[in-house]
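Below you'll find the structure, written out as structure tokens, and then a few comments.
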Amino acid sequence: MKNAYISAVLQQLADFMELNGENPFKVGAYRRAARAVENSRVPVAEMMDRLEDLPGVGKGTAGVIEEIITTGTSRQLEELRQKLPSGLPDLLSLPGMGPKSIHALYRELNITNLNELKAAAEQEKIRSLPGFGPKKELKILEAIEQFQKRPERRLLHEAMLVATRVKDYLSDDGRILRVELAGSIRRRKETIKDIDFVVATREPKEVGEYIVSMPEVLEIVNQGETKVSVIVRVEGIEMNVDVRLVSPSQFASALHHFTGSKEHNVRIRQRAKQFGWKVSEYGIFDPETEVTQTFDDEAAFFAHLGLPYIPPELREDRGEMEKAERGKLPQLIEPGDYRGDLHMHTVYSDGADSILKMARAAREKGYEYIAITDHSRFLKVANGLTIEELKEQWAEIDEVNKEFDDFTVLKGTEMDILPDGRLDFPDEILEQLDIVIASIHSSFKQDEQTMTRRIVEAMENPHVDIIAHPTGRLINRRHAYALDMDHIFQAAKDTGTILELNANPHRLDLNDEYLKKAKEEYGLTFTINTDAHSVEGLNNLPYGIATARRGWLEKGDVINTLPLEELKKRLKS
DNA sequence: GCCGTTTTCGGCCCGACTGTTTTCAGTCG
């Protein structure tokens, strides 16, 4: 039984308990247990005898976890399901609706799902309940409308485009003394709902006026002394932007606070409490001296709590606090560590630019090498190369290499793994290439066993160096193929195959969580590549680096940081 | 329900905002 399943049952149990009016701390305890299970590196089902080793798991929740492992569910959850309508937990996801309101509506008006809630609000039945009124009724209707429209989370690169425009505008005003991105976009999550900024100023009112008069603003959601919230449209992308206005001395604390994540902030406050202090967005308050300590930057903020600087990408409560406390934070990979891109396409297959143009653009970026990896003959839609065309390309690469004495173009391929698991080129071709990437572009719907075997067999070929975009997901568009990832990671370890982190912001594949798991549990090595189909595509690298950092990767985990000669040694012969 | 350099009971992260009140409960990030 997978940890994700056990964790989901615990979450459901917590939702139902909350709706049932249980002690909020008890509910919180179950949520914490769910998180601990989700984050456990070991399958929890294999550690039944020491469940209480998990942080936040005690006698009570250990018993429930054991029950879930043995019976697939929990008796308490089933009883609550009998008692409460199954649609109630869905209502928790409506903004402005918490357990108390939902339970009151159920108790007083027998509302059990979204449709009944909508009908009751439209018939103005809600306003007469104690604690509710006309405004709340209207808010409920708006929330339902918003929810049904489902404003999908935007991809990171779209959010960055909007954020960059807004930041430029903010930086132009002399009354704004400091400005930084905060929230999930600063942590570089793969999708973003709102763009958060923290701004330091002594004239919040005037700056608020300046913000709402930005030409790209479509709508002012909220304009106060401490927060301005607007909807902007930049190049057709509409997003919500929240700007927090603070005094210069509060800036560092506010930046930390609004960067989050929420879970990370909880851990920070708990630590401060050990010293008897209170952390808020304004600083760290010591009740004994009644002094609120402020900081010049985040590093000073962390130092005050006896911690090293924790990079934003790690602030997810995935173990960074424990590591920071012991001085064992990873030295995350930096953009400057990167020496060359090993996956890109040219006019030979479905790319837009020539080998020479790609090479020159990469050299301009300061790279020492690239690999040209056009598609193979099976992939007709992408104009995949025949063996003859591949050999013509080798001749051209040799010509291009004559132009440089400080830069090298490697001969590669992105070769298809065929639906039956065979590879698209024979070994006598593969052995002549510097680098062989294998990947799947067909028959996505095969079952888990077949799909996993396809990839594992490709890894077992002694010439295959890399598996590109291993799970095949397209964020917000297509799910990952059905794969047994533990099996894939084990096979990568056994065969010395390198897994790609594809930096295309639509892919980011492997994702942050798989990277962390593959590194920590299997000790794998990775490669970060843009999969560029044009010179512009090379610019996607920062999204790959950011995702690698979210996956706790260090320089030594990524082959693109190696000098050319060492890279060649690391690749299979 | 969990937990302990304030340790086996009594807390559990903090402050702002909103809409409902007439001093506060609920929700959010």
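The values are calculated or read from the model by the stated rules, or taken from the named source; none is laboratory data. Keep in mind the model is a prediction, meaning the values are calculated, not measured. Cβ placement follows ideal geometry from the backbone for every residue including glycine, while neighbour counts extend to all protein chains displayed.
When the range A:14-63 is examined, which residues are found to be in contact (Cβ under 8 Å) with a residue 24 or more places away in the chain, more than 9 Å from DNA strand B (Cβ to nearest atom) and within 26 Å of the chain's Cα centre (by Cα)?
Within the range A:14-63, A:15, A:34, A:35, A:37, A:38, A:39, A:40, A:41, A:43, A:44 qualify.
Go through the residues of the range A:358-380 one by one and say whether even a single one is more than 25 Å from residue A:562 (Cα to Cα) and out of contact with any Ser or Thr (no Cβ under 9 Å at 6 or more places or on another chain).
Scanning the range A:358-380, I find at least one residue that is more than 25 Å from residue A:562 (Cα to Cα) and out of contact with any Ser or Thr (no Cβ under 9 Å at 6 or more places or on another chain), so the answer is yes.
When the residues of the range A:459-496 are filtered to those that are assigned to a helix (DSSP H, G or I) and among the β-branched types (Val, Ile, Thr), which remaining residue is surrounded by the fewest Cβ atoms within 10 Å (Cβ to Cβ)?
Restricting attention to the range A:459-496, the residues satisfying the condition of being assigned to a helix (DSSP H, G or I) are A:459-460, A:485-495.
Filter once more, keeping what is among the β-branched types (Val, Ile, Thr): A:488, A:495.
Values: A:488: 25, A:495: 16.
Here the answer is A:495.
So which residues in the range A:237-258 are touching a Gly at 6+ places or on another chain (Cβ under 9 Å) and among the charged types (D, E, K, R), if there are any at all?
Within the range A:237-258, just A:242 meets the criteria.
Would you check which residues across the range A:162-176 are surrounded by 15 or more Cβ atoms within 10 Å (Cβ to Cβ) and in a helix (DSSP H, G or I) and list them?
Filtering the range A:162-176 down to residues surrounded by 15 or more Cβ atoms within 10 Å (Cβ to Cβ) leaves A:162-163, A:165-167, A:169-170, A:173, A:176.
A:162, A:163, A:165, A:166, A:167, A:169, A:170, listed by residue number.
With (1) hydrophobic (A, V, I, L, M, F, W, C); (2) in the same structural domain as residue A:240 (by TED's automatic domain parsing); (3) over 30 Å from residue A:503 (Cβ atoms) as the list, and residue A:140 as the residue in question, which single condition is left unmet?
Going through the list (1) hydrophobic (A, V, I, L, M, F, W, C); (2) in the same structural domain as residue A:240 (by TED's automatic domain parsing); (3) over 30 Å from residue A:503 (Cβ atoms), residue A:140 breaks only (2).
If only one of A:228, A:179 is within 22 Å of residue A:252 (Cβ to Cβ), within 12 Å of DNA strand B (Cβ to nearest atom) and either in a strand (DSSP E or B) or in the same structural domain as residue A:298 (by TED's automatic domain parsing) (or both), which one is it?
Numbers: A:179 fails: within 12 Å of DNA strand B (Cβ to nearest atom).
Result: A:228 is the single residue among A:228, A:179 that is within 22 Å of residue A:252 (Cβ to Cβ), within 12 Å of DNA strand B (Cβ to nearest atom) and either in a strand (DSSP E or B) or in the same structural domain as residue A:298 (by TED's automatic domain parsing) (or both).
In the range A:440-456, what residues are without any contact (Cβ under 8 Å) to a residue 40 or more places away in the chain and either touching a Gly at 6+ places or on another chain (Cβ under 8 Å) or not in a loop (DSSP other than H, G, I, E, B) (or both)?
A:444, A:448, A:449, A:450, A:451, A:452, A:453, A:454, A:455, A:456
Might you let me know whether the range A:446-458 holds any residue that is closer than 30 Å to residue A:398 by Cβ and crowded, with 21+ Cβ neighbours inside 10 Å? Break it down stepwise before answering.
Start the filter on the range A:446-458 by keeping residues that are closer than 30 Å to residue A:398 by Cβ, which leaves A:458.
If we keep only those that are crowded, with 21+ Cβ neighbours inside 10 Å too, we end up with A:458.
Looking for residues that are closer than 30 Å to residue A:398 by Cβ and crowded, with 21+ Cβ neighbours inside 10 Å, one finds at least one in the range A:446-458, hence yes.
Just to be sure I understand the filter: pairs with C-beta atoms under 6 Å, separated by 6 or more residues or on different chains, first member in the range A:223-238 and touching a residue at least 24 places away in the same chain (Cβ under 8 Å), second member assigned to a strand (DSSP E or B) and away from DNA strand B (no atom under 16 Å from the Cβ). Which pairs pass?
Hits for this filter: A:232/A:217.
Table: residues versus (1) assigned to a loop (DSSP other than H, G, I, E, B); (2) in contact with a strand residue (DSSP E or B) (Cβ under 6 Å, 6 or more places away or on another chain); (3) over 22 Å from residue A:334 (Cβ atoms); (4) not basic (Lys, Arg).
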| site | (1), (2), (3), (4) |
| --- | --- |
| A:245 | no, yes, yes, yes |
| A:253 | no, yes, yes, yes |
| A:266 | no, no, yes, yes |
| A:273 | no, no, yes, no |
| A:300 | no, no, no, yes |
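Scan the range A:93-114 and tell me whether some residue there is touching a Lys or Arg at 6+ places or on another chain (Cβ under 7 Å) and more than 9 Å from DNA strand B (Cβ to nearest atom).
Yes, that holds for at least one residue.
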